[in-house]
Amino acid sequence: FDLGGSIGIDFPTLQAKADRRAVDEVLAAALDGWPHERTAMNGFGFVQIVARLEGPSLLHRFATARVGAAARMALRRAERVEGPGMTLLRVHPALAAKLKDEWLRELERRTARPVRIETDPGLAIHAATAQIVSHDE
């Protein structure tokens, strides 16, 4: 998916014009090849970007693909739990079906913990839970 519409980036205020120009040049290089228009950085460090939205917006995707959005939110919830052990992610079966293997591998990489998925048909789609359990549970 793409970002689109009016996008504002508020960099820290830089007093020296040369510093603002340097940040502006790095931003230009990072956005090279992406169709957009943008303003130069103003004295307060603000840059405005305008880009055409080519695909559905995030709001549209969340509204029309609720289970997929809930799956991603469950992974974020699992990423935030802390402690040693294994991450236990308890989800609705329909949500478990949306969890891609590469997403679970990335979660394991980010948390440095193995992940175990348990399904519970009594859970609402958006009611995934995450906790740390010992490896032998």
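All of the numbers you see were taken from the coordinates with simple rules; none came from a lab. A quick note: this is a predicted structure, and the numbers were derived from the prediction, not measured. In this analysis, Cβ positions are derived from the backbone assuming ideal geometry, glycine residues included, and neighbour counts consider all displayed protein chains.
Per residue, the average separation of C-alpha pairs within less than 8 Å and at least 6 apart gives the chain a relative contact order of 24 percent.
At q = 0.15, 0.17 Å⁻¹ the log10 of I(q)/I(0) for the chain amounts to -0.84, -0.90, computed by Debye summation with a single uniform scatterer per C-alpha, solvent ignored.
Please find the FRET efficiency linking Val133 to Lys100, where r is the Cβ-Cβ separation and R0 is fixed at 22 Å, and quote it to the nearest 0.05.
Calculated value: 0.45.
From least to most packed, judged by other beta carbons within 10 angstrom and beginning with the fewest, Thr87, Thr119 follow the order Thr119, Thr87. Neighbour counts of C-beta atoms inside 10 Å place Arg72, Arg80 in the sequence Arg80, Arg72, starting with the fewest. Each of Arg110, Arg61 has some number of other Cβ atoms within 10 Å of its Cβ, and from fewest to most they run Arg110, Arg61. Between the helical axis of 66-80 and the longest alpha-carbon principal axis of the chain there is an angle of about 90 degrees.
Expressed to the nearest 5 percent, the antiparallel share of DSSP beta bridges inside segment 48-137 is 50 percent.
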